Amino acid sequence: MNEEGVAPVLCDRCAGVATGRARRSMALSGVGHYPVTTLLLAINIVAYLVDMVPGVNLREWGVNSGPLTLSGQYWRLFTAGFLHADILHIGFNMWCLWSLGRLSERLFGRWQTFAIYMVTGVGGALLSIANNPHHAELGASGAIFGLVGAVMAGVKFGDLNISAGEKRSIFSSVVVFAVLNFALGMSGNIDNMCHLGGFLTGLLIGLPMGAFARTNKMLQVGTLVIISAVIAAGGRELVQTNGAEAQKIAAVLAWQKRDYAQAARLLEKYTVAKPDDDVGLIMLAEAYESNNQPDKAIGALEQALRVNPNSEDAKQALEELKAPATPEKK
């Protein structure tokens, strides 16, 4: 194609030379020419392989689980974008990432592509748990849809150094990709809200990334910081709205794993946020007792009775804790 997007007419010999050059160019346009895309693929694949090692469970540590994320484990918003459930899941996502990542690096640049992946991945993760604070999600698809949105906005409204014909071709391709994959996400165990969050965040980022691609990189950085701050503010609001309930659920999960110290820490935060919940105080007392902290357990139960003097559960638990221990027979 020439700069106008029109294919020139070549003689047979020239066409052969041009074809050879195109093939060599395609062969060279691999990992060395797209280091950020290669790095992102490598992290995803290594994480998947490590997660398969017996005794290792990266997903338990890094999946974006609403109760755990909102109760303070914010790293899950980032790590979930590098974890996958099975070979089909990672295979399809890596194929999409390889195609879209290289395109993004060519259009926007290297650090820009990394920033788009990370920020839109967080945007998708946040919208996912905002829609359902009790579920869990993982996978690179939120960030992949972020790349789709960024490319779409950048190509349509940006000042990119590509021909008009190529702009039309890229734009139509990413639109088809987005429509088909959103449609597929309407069925099955697919988190379309994560896709939507990544896509919308990508649209916001793609506009300045494309508009300032050839003029001012600092404006790209500035707008990226502003968008990141907006996402962080949205996340803070989500934590303030759902954080206390998330701490209570996360405490139950810790209890089930017999991690009583963690359960107590979470319930301490919960009871500070919800001091009038006598049930939460009773749960805190049980966590203290199981963690061999009887004095703290008594204090939590006494507070529960001040909140609800008619709580039979608190009264019974307090009587049992204060009862003298029965001496062992020898």
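The values are calculated or read from the model by the stated rules, or taken from the named source; none is laboratory data. All figures in this text were calculated on a predicted structure; none of them were measured in a lab. Here Cβ is always computed from backbone atoms with ideal geometry, including for glycine, and neighbour counts include all displayed protein chains. These accessible areas exclude ligands, DNA and RNA; they are computed on the full protein's heavy atoms, side chains included. Shrake-Rupley method; radii C 1.70, N 1.55, O 1.52, S 1.80 Å.
Structure notes:
- Residue tally, condition assigned to a helix (DSSP H, G or I) and of a type in the set (Ser, Thr, Tyr), over the stretch 49-67: 0
- Those helices (runs of 4 or more DSSP H) of the stretch 197-310 in which 2 or more residues are surrounded by 19 or more Cβ atoms within 10 Å (Cβ to Cβ) and of a type in the set (Phe, Trp, Tyr) occupy 260-273.
- Of the residues examined, Ser99 is one that is open to solvent by 20 Å² or more (accessible area, probe 1.4 Å), out of contact with any Asp or Glu (no Cβ under 8 Å at 6 or more places or on another chain) and farther than 20 Å from Ala233 by Cα.
- Hits in the stretch 68-88 (condition: part of a helix (DSSP H, G or I) and either buried (at least 17 other Cβ atoms within 10 Å of the Cβ) or of a type in the set (Lys, Arg) (or both)): Leu68, Thr69, Leu70, Arg76, Leu77, Thr79, Ala80, Gly81, Phe82
- Checking Ser173 against (1) more than 21 Å from the chain's Cα centre (by Cα); (2) surrounded by 18 or more Cβ atoms within 10 Å (Cβ to Cβ), the condition it does not meet: (2)
Rundown of residues vs (1) touching a residue at least 24 places away in the same chain (Cβ under 8 Å); (2) basic (Lys, Arg); (3) farther than 29 Å from Asn131 by Cα, yes/no style:
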{"position": "Ser228", "(1), (2), (3)": "yes, no, no"}
{"position": "Gly235", "(1), (2), (3)": "yes, no, no"}
{"position": "Ala246", "(1), (2), (3)": "yes, no, no"}
{"position": "Tyr260", "(1), (2), (3)": "yes, no, yes"}
{"position": "Lys269", "(1), (2), (3)": "yes, yes, no"}
{"position": "Ile282", "(1), (2), (3)": "yes, no, yes"}
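- Any hit, the stretch 167-187, residues being of a type in the set (A, V, I, L, M, F, W, C), touching a strand residue (DSSP E or B) at 6+ places or on another chain (Cβ under 7 Å) and at pLDDT 90 or above: no
- For Ala130, the stated conditions do not hold, so it cannot be described as assigned to a helix (DSSP H, G or I), crowded, with 19+ Cβ neighbours inside 10 Å and either at pLDDT 95 or above or not polar (S, T, N, Q) (or both).
- Residue tally, condition out of contact with any helix residue (DSSP H, G or I) (no Cβ under 6 Å at 6 or more places or on another chain) and either part of a helix (DSSP H, G or I) or open to solvent by 30 Å² or more (accessible area, probe 1.4 Å) (or both), over the stretch 108-118: 2
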